[in-house]
Amino acid sequence: QLTEEQRCQIWALKKSDWSQRAIAKELGVSQPTISRELTRNRGGNGYRHKQTQGMAEERRRLSKKPT
């Protein structure tokens, strides 16, 4: 799971035209992780790290089964 800080870094690096592979190496995660993050959380205006964190938290909350 990516942290809010990592999502902010992804946004900044992507805005600076870094490749997914370079971003992954910088953050110490796999390239498919970056690809999934950008694909899942891309809206009409592109990738937005602030909105993305909330969306990720909501998906995580909804995926947990009640005990």
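The values are calculated or read from the model by the stated rules, or taken from the named source; none is laboratory data. Quick caveat: nothing in here was measured; it's all calculated off a predicted structure. Every residue, glycine among them, receives a Cβ derived from its backbone with ideal geometry; neighbour counts consider all protein chains shown.
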Inset, instruction - Being closer than 21 Å to residue 63 by Cβ and touching a residue at least 12 places away in the same chain (Cβ under 8 Å) is the filter; apply it to the range 1-33 and report the residue that is farthest from the chain's Cα centre (by Cα). - result: 29
Inset, instruction - Check 7, 61 and return the single one that is in contact with a helix residue (DSSP H, G or I) (Cβ under 9 Å, 6 or more places away or on another chain) and at pLDDT 80 or above. - result: 7
Inset, instruction - Tell me, please, whether a residue that is surrounded by fewer than 13 Cβ atoms within 10 Å (Cβ to Cβ) and basic (Lys, Arg) can be found in the range 22-29. - result: no
Legend entry - Residue check for residue 52: surrounded by 11 or more Cβ atoms within 10 Å (Cβ to Cβ), in a helix (DSSP H, G or I) and touching a Lys or Arg at 6+ places or on another chain (Cβ under 7 Å): yes
Legend entry - Candidate set from the range 8-39 (those that are among the polar types (S, T, N, Q) and assigned to a helix (DSSP H, G or I)); member that is nearest to residue 55 (Cα to Cα): 39
